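Down below is the structure, laid out as structure tokens.
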């Protein structure tokens, strides 16, 4: 949470939002931080906006192993709910999807935040330009936890079925056309 503390203290994002609101009507915010709720008043200034919150597992043990400096899962779920309740569109990004203990329960948790959109993906190859990838240490940790392609495919299928039709896989889940459009009824 070091980044969140620095951002909170310096209010970097908060200081940029009014400038962005004047210059562009569309914005997609990608974050893991519940600090986004601090900026709800400024986020409301955008004509089209989506706040993407990254929530990648249902296990605090897994989160601590893969994302030790990032906020707890419940804090992110609460932030997504608060932003959605403020009338701001929210997407939950499950990228990469980390080991999941209860795929159906996890899908219910993220759906109950009020998020309109969902993105899911497995670990990505780090080769290629302009795409985030998964480092070797994370791949080794996934192997240690027996998080293989079969387990990912099973969890992904359950989650996708539960969140359809408002879920996309891979880079399609990050398309502004998808994120800034009206969601389909569930």
Kindly express, to the nearest 10 degrees and within the range 0 to 90, the angle between helix 12-23's C-alpha long axis and the longest C-alpha principal axis of the chain.
60 degrees
Angle between the chain longest axis and helix 73-85 axis [Cα atoms, degrees, rounded to 10]
40 degrees
Among [x] 4.91; [y] 1.01; [z] 1.06, the value of Cα Rg over 2.2 N^0.38 Å computed for this structure carries the label [y]
Cα long-axis angle, helix 149-163 against the chain (0 to 90 degrees, to the nearest 10):
40 degrees
How high is the relative contact order of the chain, in percent, counting Cα pairs under 8 Å that sit 6 or more residues apart?
19 percent
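Computed from the coordinates by the stated procedures, all read-outs in this text should not be read as laboratory data. What you are looking at is a predicted structure, and each value in this text was computed from that prediction instead of being measured.
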